[in-house]
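The structure appears right after this line, and notes come after that.
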Amino acid sequence: MIYIANAGLLVAAVAAIFRLVRGPTMADRVIALDLLLVSLMTAIVIDAVVTGDTVLLNLLVVIAIIGFTATVAVARFMENSR
């Protein structure tokens, strides 16, 4: 079951990287970056569940805060640039 979840995350990450590189607008790139971060966070959670190690869970909080802050900053920039 873990392999299926990791395969799905890999597909999502590849699709996000494709949209990040190829996206026609900045909004597409921001959403792709968010998807990439969520995929990374989910992979960390799966690893923590499998190994029983909770050390990396603090990293999840940092990634979530950075991702949210970056999304809000880019949204404000896009709103002010119109």
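Miscellaneous remarks
- Rg to Rh quotient for the chain, alpha carbon positions, Kirkwood Rh: 1.06
- Charged side chains reduced to their Cβ positions (Lys and Arg at +1, Asp and Glu at -1) give the chain a dipole of some 340 debye around its Cα centre.
Since every read-out is calculated from the coordinates, none of them should be taken as a lab result. The model shown is predicted, which means the values in this text are computed figures rather than measured ones. Counting neighbours? That spans all protein chains shown, and the Cβs are built from the backbone with ideal geometry, glycine included.
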